[in-house]
Amino acid sequence: MAYPMQLGFQDAASPIMEELLHFHDHTLMIVFLISSLVLYIISLMLTTKLTHTSTMDAQEVETVWTILPAIILIMIALPSLRILYMMDEINNPSLTVKTMGHQWYWSYEYTDYEDLSFDSYMIPTSELKPGELRLLEVDNRVVLPMEMTIRMLISSEDVLHSWAVPSLGLKTDAIPGRLNQTTLMSTRPGLFYGQCSEICGSNHSFMPIVLELVPLKYFEKWSASML
């Protein structure tokens with residue numbers, strides 16, 4: 001999860017988030033180079049009185065500053081489209097979990113099991129135990145197996161919500177009457193925190209998401225204890 005005064009993204013815990021981080025660094029470097037070039041040209045214009053009249057009307061210069069931006073846009077667009085298609089791809093999920101947004105809590109249903117469903121409410125500040133995170137802990141965590149493809153079906157029963165877990169690169173809108181889907185796969189175990197990312201009412205900031213990714217054998221023990 002994020003720590004105080006953090007400027008960058010959270011550490012990636014899924015292949016998609018790793019790709020998004022690489023794309024972010026790639027695009028940021030291009031923006032940095034363009035900004036440096038523009039700043040250099042502006043500083044030259046402000047500090048020298050020299051002009052080159054033949055350069056101001058040269059067709060070669062106009063050709064360069066037309067083609068070069070097009071090449072830069074292609075360098076940004078192609079990796080972006082690649083990641084976009086990767087995020088929408090569904091490859092034989094091993095487990096399906098249905099997530100419903102409510103005002104103001106989440107409910108989860110493991111559709112591959114007969115009676116495995118629960119609601120997930122935020123733990124009030126007065127009931128937190130030492131070491132637990134304020135406004136982020138829930139009474140029922142979503143336990144999932146790591147290194148397996150998991151499909152999340154996301155919808156809402158009242159207003160617009162958004163199910164988001166930054167370290168896994170997930171953000172999917174929960175829309176009443178519509179079923180959206182996304183996939184997740186964690187490369188390491190751990191606790192991953194998220195929150196509703198849609199302004200859904202007065203208690204919008206009090207419906208956190210907590211995923212607990214564990215090895216498969218621990219997930220099987222947990223699911224057996226919940227049935």
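The values are calculated or read from the model by the stated rules, or taken from the named source; none is laboratory data. These numbers come from a predicted model, not from an experiment. All Cβ positions, even for glycine, are placed from backbone atoms using ideal geometry, and neighbour counts span all protein chains on display. In case anyone asks, the SASA skips ligands and DNA or RNA and just uses the protein heavy atoms, side chains included. Shrake-Rupley method; radii C 1.70, N 1.55, O 1.52, S 1.80 Å.
Given 43, 36, which one is open to solvent by less than 60 Å² (accessible area, probe 1.4 Å), modelled with pLDDT of 95 or more and assigned to a helix (DSSP H, G or I)?
Working: 43 fails: modelled with pLDDT of 95 or more.
That would be 36, the only listed residue that is open to solvent by less than 60 Å² (accessible area, probe 1.4 Å), modelled with pLDDT of 95 or more and assigned to a helix (DSSP H, G or I).
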### Query
Can we say residue 62 is among the charged types (D, E, K, R), over 30 Å from residue 149 (Cβ atoms) and outside the structural domain of residue 147 (by the TED database)?
yes
### Summary
Quick count over segment 160-209, residues being touching a strand residue (DSSP E or B) at 6+ places or on another chain (Cβ under 7 Å), touching a residue at least 24 places away in the same chain (Cβ under 8 Å), assigned to a loop (DSSP other than H, G, I, E, B) and surrounded by fewer than 20 Cβ atoms within 10 Å (Cβ to Cβ), is 5
### Task
Kindly indicate whether any position in segment 6-14 is assigned to a helix (DSSP H, G or I), modelled with pLDDT under 95, of a type outside the set (Gly, Ala, Ser) and out of contact with any helix residue (DSSP H, G or I) (no Cβ under 8 Å at 6 or more places or on another chain).
no
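Looking at residue 112, is it within 17 Å of residue 226 (Cβ to Cβ), touching a Ser or Thr at 6+ places or on another chain (Cβ under 9 Å) and part of a loop (DSSP other than H, G, I, E, B)?
Working: within 17 Å of residue 226 (Cβ to Cβ): yes; touching a Ser or Thr at 6+ places or on another chain (Cβ under 9 Å): yes; part of a loop (DSSP other than H, G, I, E, B): yes.
Criteria met by residue 112.
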### Query
Of these, 147, 212, which one is touching a residue at least 40 places away in the same chain (Cβ under 8 Å), under 24 Å from residue 15 (Cβ atoms) and part of a loop (DSSP other than H, G, I, E, B)?
147
